[in-house]
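A quick write-up on the structure given underneath.
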Amino acid sequence: MKTPLSIKIYNSAIELPIIWNDFAIENIFLTKEYLEILEKSGPTNMTSHFIGLFKEDKLVGIALSQFLNLNMLESFGERDKCVKTAVRNTVFKNFGSHILIIGNNMLTGQNAFVFSEKIDPVEALRTLKFASEKLKEIFKNKGLKVHITTFKDFAIEDTSDFTKAGFQKYFNFSTQPNMIFDIPNHWKSEQDYIQALTKKYRDQYKRARKKAEAVEKRKMNLDDIIKHEDTIYDLYHHVAKNAHFNTFFLAKNHFRTFKELLQDNFLLYGYFIEDKLIGFSTIIKNGEVMDTYFLGYDDSIQREKMLYLNMLYDMVAYSINKGFKEIIFARTALEIKSSIGAVPIEMYGFAQHSNQLIDLAFEKIFSYLEPKVEWKERNPFK
């Protein structure tokens, strides 16, 4: 007879089993160190829990959950001032302000869980569904009713396991794609990338680089990050609050904590003009994959110096030079990322509303909660 799986829900990375990181070898975003970053410097409106799956008291899977309280946000995003945005904000506050996520709302891609190959993934997903019900009870006891439960971001081939695991009543959704940049094996330097571009996009590259000649890029260590922490946060916050849509804002100590705990796996580059920090970018080494992370810039200088585009080129150059196989560019600024060579990969999720009547109309409501972005895909290569 097959032994059912059991769960343990942890509030702190300190409580995690000794062998937890054995499951996170291929994903830095499920390691104890990263989970400690969430615990110490996560957004103030986010509560993280860590889930262990057990079979006969042996750890066989790990997962991350995040609870978002959107009522604590100063803004959902200020770029779009229109009636639809006002309706969306009203819908959120009244019907969707408490969201339970199995996965990571701060990243794009499957950073939700890892299961042992010795267990049935369908059984593991059923167990995670049970864990989400237990988490709802935990928040209910704190006076917080979960409005929406969602499991995110999965490739199309993973979705059939969810159906088998009893997620038929969940709304199956796809939001903005994950922008992925595959690095060919024969590319050894930035020059190989430049030579692969068509004339139009090679000219774009040259123009961007020329515009930024007065900008100095510096790799910043922990002391540098601490010294410039206020400016780094102001630059980040300016970009974040002007995004189409936000469900959280980072804590001021987030980048410092990242550097302290992930050390050389977390890189923050400052962009300076005459010793003044005018922008920064961050990247995270995740095995053979490079994950791009948050950035910030002075908007007036960004346009003049094509700073954002130059940051993207710098990320590509670094990743090629260091032998990475892939860059995860995530799901903002889709068109400009497409113009440097990133390709859209659809990601899927499952969501359910706690109110049965609202759940019936969830597909229509979801179009307000997740703004659609129109964009044109580019192909910069020969």
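Which of the residue pairs LYS32/LYS129; LYS322/LYS372; LYS200/LYS376; LYS188/LYS219 have a Cα-Cα distance greater than 27 Å in the structure shown? Listed pairs above 27 Å: LYS322/LYS372. Two tests apply to each whole DSSP H helix in the chain, Cα reach of 20 Å or more along its axis and mean Kyte-Doolittle hydropathy of at least -0.5, and the ones passing both are 121-140, 307-321.
Here's the picture: charge each Lys and Arg Cβ at +1 and each Asp and Glu Cβ at -1 in segment 179-345, and of TYR205, THR332, SER319 the one pushed furthest to the positive end of that dipole is TYR205.
Ranking of ARG218, ARG303 by solvent-accessible surface, largest first: ARG303, ARG218 (1.4 Å probe, protein heavy atoms only, all chains present).
Counting only Cα atoms, I'd like the Rg/Rh figure for segment 88-247, Kirkwood definition for Rh. Show your work: numbers first, answer last.
Details: Rg = 22.2 Å, Rh = 20.8 Å.
The Rg/Rh ratio comes out at 1.07.
If only the Cβ of Lys and Arg carry +1 and only the Cβ of Asp and Glu carry -1, the dipole of segment 179-345 around its Cα centre is close to 520 debye. Heavy-atom accessible surface of TRP20, to the nearest 10 Å², is about 0 Å², with a 1.4 Å probe and all protein chains retained.
Mind checking the alpha-carbon convex hull of the chain and giving the volume per residue in Å³?
On the way: hull volume 57.1 nm³, N = 382.
Given the Cα convex hull of the chain, per-residue volume reads 149 Å³.
Can you tell me which of 201-214, 224-237 comes out highest on packing, and rank the rest after it, using the mean Cβ neighbours within 10 Å?
Working: 201-214: 14.9, 224-237: 17.6.
So the order, starting with the most tightly packed, is 224-237, 201-214.
Extension gain, LYS58-GLU15: 0.36 nm per intervening residue step, less the Cα-Cα distance, totals 13.9 nm. Over segment 179-345, the alpha carbon radius of gyration divided by the compact-protein estimate 2.2 N^0.38 Å works out to 1.01. Of all DSSP beta bridges confined to segment 179-345, the antiparallel ones make up roughly 90%. Computed with every protein chain present, the accessible area of PHE23 is close to 40 Å² [probe 1.4 Å].
The values are calculated or read from the model by the stated rules, or taken from the named source; none is laboratory data. Not measured: the values here are computed from a predicted model. With ideal geometry, Cβ positions are generated from the backbone for all residues, glycine too; neighbour counts draw on all protein chains shown. For the accessible areas, the whole protein counts, side chains as well, though only heavy atoms, and no ligand, DNA or RNA atoms are used. Shrake-Rupley method; radii C 1.70, N 1.55, O 1.52, S 1.80 Å.
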